[in-house]
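Take a look at the structure set out below.
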Amino acid sequence: MEQKNLDQIIRETVARYMNRSLIVAGNWKMNMTVREGMEFLEKLGPVDGKVMIFPPYTTLAVLAGEFRKRGIIYGPQNFHYKESGAYTGEISLPMIKELGCDCLLVGHSERRSYYNETDEEIQKKIQAALKEGFSVMLCIGENLEERKSGQWKNVLRKQLEKDLEGLSTDRIPYIQIAYEPIWAIGTGVSASTEEIIETHRYLKAVLSELTGSDIPLLYGGSVNEKNAADIGSCPGVDGFLIGGASLKPEKFRKIIEVSKRE
Ligand code: PEP
């Protein structure tokens, strides 16, 4: 990690996030046709604060202007680190850039487990995206066995160390992390506030050690309109990454409302 200008970057990062509203990010996964996405936006109505949506590619391409018009940050759920070439079925960063995307999701546990995405590939994706001027939201998380056996600290630290390897100081403000315990994703049962506080405290310390900075750290895993206020008030939680509840405009709106700080 370069030390150059570190103080300045820390000051800027702290200033940027002081009194900030929580980040509310929706991962639509393989849901939402273009028509459904448009209906969602119409029902959602105007938003303020830092709201992000990661739609599927087709909906992303067609509705990019609609997201932009509403001040919603948008980006893909996955991308390839190579610029172009014979990679059937893949999408490159220049293609994503054309759509005016800002933040890219990377390393979601479903990509890691269903598509065997490795930390090495994730590291390459992050480096490529940052080089192209994007910001990234890196997802990390442990499985139930790792949680129960007490291995979760090691697992999470290793993910961060490997995925963020080679991160240069000037790119630190472009990184956000989503801590998503795999056992809480899509189960309807989030981690407890005690678990979230303990884990976020640990991750903030690791991130500070690795980057010298207070990197925004979101929680994800069965966040909904009922538990968002409690989870959002846990120290160290800077926002949410939301799957299921981000598909329902009325639920997503309620989460945005409880995330406002100013
Ligand atoms: C996710 O997949 O990132 C997620 C957090 O899903 P859910 O909110 O449905 O648990």
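Distance distribution P(r), the chain, all Cα-Cα pairs, bin width 5 angstrom from 0: 1, 6, 14, 18, 20, 18, 14, 7, 2, 0 percent. In this structure the amide hydrogen of residue 220, modeled in the peptide plane, comes within under 5 Å of the amide hydrogens of 179, 180, 241, none closer than 5 places in sequence on its chain. Rounded, prolate or oblate: which fits the stretch 12-110 when a ≥ b ≥ c are the square roots of the eigenvalues of the alpha-carbon gyration tensor, with rounded for a/c under 1.5 and prolate only if a/b beats b/c? Here the stretch 12-110 falls in the oblate category.
Take every DSSP beta bridge whose two residues both sit in the chain; close to 0 percent of them are antiparallel. Please quote Rg/Rh for the stretch 47-184 to two decimal places, taking the Kirkwood radius as Rh and restricting both calculations to Cα atoms. Reported Rg/Rh, Kirkwood definition of Rh: 0.98. Over the stretch 103-142, the hull volume per residue, using the convex hull of the C-alpha atoms, is 55 Å³. Gyration tensor over the Cα atoms of the stretch 153-224: the corresponding equivalent ellipsoid has semi-axes (square roots of 5 times the eigenvalues, largest first) of 23, 12, 11 Å.
Taken together, the values in this text are just the output of simple stated rules run on the coordinates, not laboratory data. In this text, all values refer to a predicted model and were calculated from it rather than measured experimentally.
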